[in-house]
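Asker: Have a look at this one.
The values are calculated or read from the model by the stated rules, or taken from the named source; none is laboratory data. The shown structure was predicted, so the numbers you read here are calculated from the model rather than taken from an experiment. Neighbour counts are summed over all protein chains in view; Cβ atoms, including those assigned to glycine, are modelled from backbone coordinates with ideal geometry.
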Amino acid sequence: MTNKGSIIDVLGERALLLPRRLGEALAANDRLKVCFTLLQAAERHAEHPEEAVPDFVTERHAAGMDGQLEFAIADSRREASGELLVPGADAIRTQILKDVEAMQAPLQLATLKRAAPLAARAQALAEQLPPFAHDRIPRDAVAAITRAVREGGTDSLHLLVMDLHRALNELQGSLAEEDLDGARVWQLTDADRPLVRAFMSGLNKTAPLKFDHPGLGTTATRAAGKLIIQNDIGTTDAHVLVLHVEELTATLTYTDVHAQRLAFLQSLLKPCGLEWARPLTRSGDGLAGDGDYYLSVGRFAAQDAAALTAYLQFLGSRLVFLIDWNRARKRLREFLPKDAVVRLLKWAADRDLGHRGFLQLGGERLLYEALEFAQRTPLHYGERLYEALGTEAAFDYLQFVLREASTGLRAQRAERFIRDEIKAELARRFRTADSSLLTLALTHAERVFDLAVAVHEDLLRHAEPEAGELLRASAQRALRWEQEGDAIVTRIRSLARRTSKPQVYADLLHAADEAADGLEEASFLLTHLTSVTPPESLVKPLQGLAALLVAGAQESVKMFEAASHVTREGAREDLQDFFAAVDRIVAIERESDVAERAVTSTLLGGDYEPRALHLIARLSQVLEQAADGLALCAFKLRDHLLNDVMTA
């Protein structure tokens, strides 16, 4: 029992009639929404007959208006007089006045103080409402009826309905006869109770995840032959869920000012297989104030009573994840791309973690504090976490944050300790940045090796019959590989800013990228071999130089692989492997110098066609520069390991 005792003191025996009248009033409110929408849709069609005509079948069904009010939107038109001709308009007018009376009935029965002023407004508006003679609506009448903005003291039927609905909601809350697992209910049948209990068992299972946020108040009653469950979800007027259960069919009506959150709810309920009507935009319903809101209706047809019970339980358990959803989405957008944010929130909801714990601990401030703790360089608001860690690594860390915030708060752990764990985890992830950078550098080295192998093979096959097509395809592939290498270098430079030696990685990757650029240019130059056709005596020395590049690039891969395992306390073998690779790269660079000079001597010692001379000279130059880049990269990485890693 809630406030039943006090309300009976006021109402006496008349309270026996009030629950039925209240149910009828709420049903009348649903019908009035449909009526106003139909009028607006008819007027819009008259102004824009080229647009498709919505059928509103789902909305009319949910409001119990099936087979009633033959209202022909498709036949509406604006006449020369300015009147709006809509077949069925007069019946709509009658329905509106009838339902406004129905909404007043329980307020008058309860003798609430506000009932008299509302009744006076209703009478004045009814007298001002022009007749819809022969289904013709005077110009501007629809706008006057459906106006939802309070300005200049102008009243409207829509504003009246909004105020009546608020009064009915307050009356409904005070009238609840019983608390059923946290829901305020009245006039339920024995068959309704297990269904309400199922809904509330799901809701109560996850409701603690809202922490101190208000919301999830639930009421339930039976009206018009249906079980009606209403949940207020959060605090905003437009955020309401109404569920009509009739036999094995549950029809969910959901309103929200955020289309993205509506889509999120639909994604949460996707396993249930609901049939959703197309979401509609509504204006000025009172739920969303003076702005627009979205309304969607989803229908669940259960195979049996057990399936219906399971659906109600699951539906109730999902509602907490809608509270503050848009706020969490906006806060997390500072740290993840937009699509990844929604994916993260879905992940948290599916695992019954939610996002409210994250917001409870400060939201984005919590993450900025963790970043400031973990980083050696100062951060500023707006700096993106995923730009430093990478999208998936940032996603993984934020999964940790949402999980620790939710489970930690529910376990009543001290907020200070939860914050410290979140900070320490990010610091740990950044401490592994060096090894992550070397892993990325290894990927870059593998791309350089691919380029070197391709150049060598192209030189060996340049005289084949299909060499022209082969060389062009190889050059295109080399360009893609070189661009992939550039992306890796950019990524490493971004990550390196979070280390103690950012310039080290910038310098050594610059050298490595010089090798990639040289090999890609060599691949491009090779496409001209078939048109210039230099003698084999000039190509053969280049083949030897390219073979040295393959060997050097292979040693570079070995070097980065070994370097990624080198630590001050690590195995001696890793350091030995690293130095062996560095020595071999340096030796190969010297051999490349000799090979490049041999090519130069050959060119200067003969009388060659100018184009062939230029092509071979340029090829030997870029290949030798690539070898220089590999050697310089090896020197810089050796210095870093000796000076920064082994002595750290």
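Asker: In segment 302-309, is there at least one residue being surrounded by 17 or more Cβ atoms within 10 Å (Cβ to Cβ) and either free of Cβ contacts under 8 Å to residues at least 24 places away in the same chain or in a helix (DSSP H, G or I) (or both)?
Answerer: Within segment 302-309, the subset surrounded by 17 or more Cβ atoms within 10 Å (Cβ to Cβ) is 302, 308-309.
The next check asks that each one be either free of Cβ contacts under 8 Å to residues at least 24 places away in the same chain or in a helix (DSSP H, G or I) (or both); those that pass are 308-309.
Yes, segment 302-309 contains at least one residue that is surrounded by 17 or more Cβ atoms within 10 Å (Cβ to Cβ) and either free of Cβ contacts under 8 Å to residues at least 24 places away in the same chain or in a helix (DSSP H, G or I) (or both).
Asker: Still on this structure: Pull up segment 353-382, narrow it to residues that are acidic (Asp, Glu) and surrounded by 15 or more Cβ atoms within 10 Å (Cβ to Cβ), then point me to the one that is modelled with the highest pLDDT.
Answerer: Narrowing segment 353-382 to residues acidic (Asp, Glu): 364, 369, 372.
From the residues that got through so far, the ones that are surrounded by 15 or more Cβ atoms within 10 Å (Cβ to Cβ) too are 364, 369.
Numbers: Glu364: 91, Glu369: 87.
Only one residue tops the list, namely Glu364.
Asker: I want to confirm something. Restricting to segment 186-242 and keeping residues that are in contact with a Pro (Cβ under 8 Å, 6 or more places away or on another chain) and assigned to a loop (DSSP other than H, G, I, E, B), which single residue is farthest from Leu319 (Cα to Cα)? Lay out the reasoning, then the answer.
Answerer: Narrowing segment 186-242 to residues in contact with a Pro (Cβ under 8 Å, 6 or more places away or on another chain): 186-187, 221, 234-235.
This time we only want the ones that are assigned to a loop (DSSP other than H, G, I, E, B), so: 187, 234-235.
Details: Gln187: 25, Gly234: 9, Thr235: 13 Å.
Per the stated criteria, the residue is Gln187.
Asker: Here is a follow-up. Could we say that Glu561 is under 30 Å from Arg461 (Cα atoms), at pLDDT 85 or above and among the acidic types (Asp, Glu) here? Outline the logic, then answer.
Answerer: Details: under 30 Å from Arg461 (Cα atoms): no; at pLDDT 85 or above: yes; among the acidic types (Asp, Glu): yes.
No: the conditions fail for Glu561.
Asker: Here's something else I'd like to know. Taking the options Ala80, Ala52, Ala28, Ala72, name whichever one is of a type outside the set (Ser, Thr, Tyr), in contact (Cβ under 8 Å) with a residue 40 or more places away in the chain and in the same structural domain as Arg139 (by TED's automatic domain parsing). Can you show your working first?
Answerer: Working: Ala80 fails: in contact (Cβ under 8 Å) with a residue 40 or more places away in the chain; Ala52 fails: in contact (Cβ under 8 Å) with a residue 40 or more places away in the chain; Ala72 fails: in contact (Cβ under 8 Å) with a residue 40 or more places away in the chain.
None of the others qualify; the one that does is Ala28.
Asker: Quick one: in segment 588-623, of everything that is assigned to a helix (DSSP H, G or I) and charged (D, E, K, R), which residue is farthest from Ala551 (Cα to Cα)?
Answerer: Pass one, segment 588-623, residues assigned to a helix (DSSP H, G or I): 588-604, 610-623.
Checking which are charged (D, E, K, R) leaves us with 589-591, 593, 596-597, 611, 618.
On the way: Glu589: 10, Arg590: 13, Glu591: 11, Asp593: 15, Glu596: 16, Arg597: 19, Arg611: 29, Arg618: 21 Å.
Result: Arg611.
Asker: Kindly establish whether Leu129 is surrounded by fewer than 19 Cβ atoms within 10 Å (Cβ to Cβ), among the hydrophobic types (A, V, I, L, M, F, W, C) and either under 23 Å from Asn231 (Cα atoms) or not assigned by TED's automatic domain parsing to the domain that holds Leu241 (or both).
Answerer: Spelling it out, Leu129 is indeed surrounded by fewer than 19 Cβ atoms within 10 Å (Cβ to Cβ), among the hydrophobic types (A, V, I, L, M, F, W, C) and either under 23 Å from Asn231 (Cα atoms) or not assigned by TED's automatic domain parsing to the domain that holds Leu241 (or both).
Asker: Working only within segment 103-114, note down all residues that are free of Cβ contacts under 8 Å to residues at least 60 places away in the same chain and closer than 16 Å to Leu26 by Cα.
Answerer: Kept after step one, since they are free of Cβ contacts under 8 Å to residues at least 60 places away in the same chain, are these residues of segment 103-114: 108, 112-114.
Within segment 103-114, just Gln108 meets the criteria.
Asker: If you don't mind, another one. Report the residue count in segment 581-601 for those that are hydroxyl-bearing (Ser, Thr, Tyr) and surrounded by fewer than 18 Cβ atoms within 10 Å (Cβ to Cβ).
Answerer: Applying the first criterion (hydroxyl-bearing (Ser, Thr, Tyr)) to segment 581-601 yields 592, 600-601.
Checking which are surrounded by fewer than 18 Cβ atoms within 10 Å (Cβ to Cβ) leaves us with 600-601.
Number satisfying all stated conditions: 2.
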